[in-house]
1. Please compute the Cα-Cα pair-distance distribution of the range 68-125 with 10 Å bins starting at 0, giving whole percents from short to long.
2. Ranking request for peptides 245-252, 92-99, 117-124: highest mean number of other beta-carbon atoms within 10 Å first, then the rest in descending order.
3. Classify the range 4-96 as rounded, prolate or oblate, taking a ≥ b ≥ c as the square roots of the eigenvalues of its Cα gyration tensor: rounded when a/c is under 1.5, otherwise prolate if a/b is larger than b/c and oblate if not.
4. Fewest to most neighbouring Cβ within 10 Å: what's the order for 228, 163?
5. At a Förster radius of 35 Å, what calculated FRET efficiency corresponds to the Cβ-Cβ distance of residue 58 and residue 299, to the nearest 0.05?
6. What's the exposure ranking of 298, 255, 113, going from fewest to most Cβ atoms within 10 Å?
7. Which length gain, in nm to one decimal place, applies between residue 72 and residue 169 when the Cα-Cα distance is subtracted from 0.36 nm times their residue separation?
8. At 7 Å along Cα-to-Cβ for each site, give me the label-to-label distance between residue 196 and residue 272 in nm.
């Protein structure tokens, strides 16, 4: 790679004080081994309540490669990762989580694939270390989403990936609020490939992604990249009409030909209760789509920045989703943003 090559690593963090020092150490070693530069690491603190932001600020005072963006509150993982993508300035961007389940040492392998001409190189997770119910849930979800999505989505691929600047610019331009970035990464196209990566356990601390947040992320992926749930309602409605028509024909036949009314009050009530439940279920699905339309029409910023510490001007590349910092950025040299 030429000396002009510059790599950016984008990482959202939320309450990761126990592992952020080790993350900085391992990332520093990896970036030191990559030719070119100066490389950068863009951290976005997503409203941490522990010492994560304090540790990052201390590190930024000694390492000019660090840019620390602090959001004004917790906006969620995908919003924080979107903020990191708005601030990166490198020719190539690697997105990863900050809990060290994504190994920084994999970055050279991603770069090697990029040198072969790929604009996106995503990590496909193998040998996950989570409990088996969670592993099974991930396995089923990725395959279900891939089968229903209008866009081809790779299996077992999370946010750990390398993207060229062209891909990042397209993702930046996406205006949607309910973001599923790994889906947007596939949607923009360009040349894409994957490499298998063993998924580590968390280095320290507890996960910030509980069952409800995982379910929300799954629903964002499903409702953002598929209208199959709405089509399923139509297909099931058609089946119900056919069954009702068949039952009506049988009722007339029994009364007019057999001269007896068909018995089965219990079965009729069960059938009606089933149809009522199905209708309510699909009304809920329609409500999900309508609720997302409502959120999009409000056009609120995806995130609000509280402060920026690090090199550069502190102004994001994409200003469309950005609200002016609540106070002026301060840089490692002590110079305030002009």
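All of the numbers you see were taken from the coordinates with simple rules; none came from a lab. Small disclaimer: the values here were computed from a predicted structure and weren't measured. Ideal geometry is used to build each Cβ from the backbone, glycine not excepted, and the neighbour counts take in all protein chains shown.
1. Result returned by the calculation: 18, 47, 30, 5, 0.
2. Numbers: 245-252: 11.1, 92-99: 24.6, 117-124: 20.6.
Highest to lowest by the protection proxy: 92-99, 117-124, 245-252.
3. Values: a/c = 2.11, a/b = 1.39, b/c = 1.52.
It is oblate, given that a/c is not under 1.5 and a/b is not larger than b/c.
4. Numbers: 228 15, 163 30.
Listing 228, 163 from fewest to most nearby Cβ atoms yields 228, 163.
5. Details: r = 37 Å, r/R0 = 1.05.
Plugging the Cβ-Cβ distance into 1/(1 + (r/R0)^6) gives 0.40.
6. Details: 298 7, 255 12, 113 16.
Fewest-to-most Cβ neighbours within 10 Å comes out as 298, 255, 113.
7. Working: separation 97, 0.36 × 97 = 34.92 nm, distance 2.43 nm.
Extra length from residue 72 to residue 169 when fully extended: 32.5 nm.
8. 5.6
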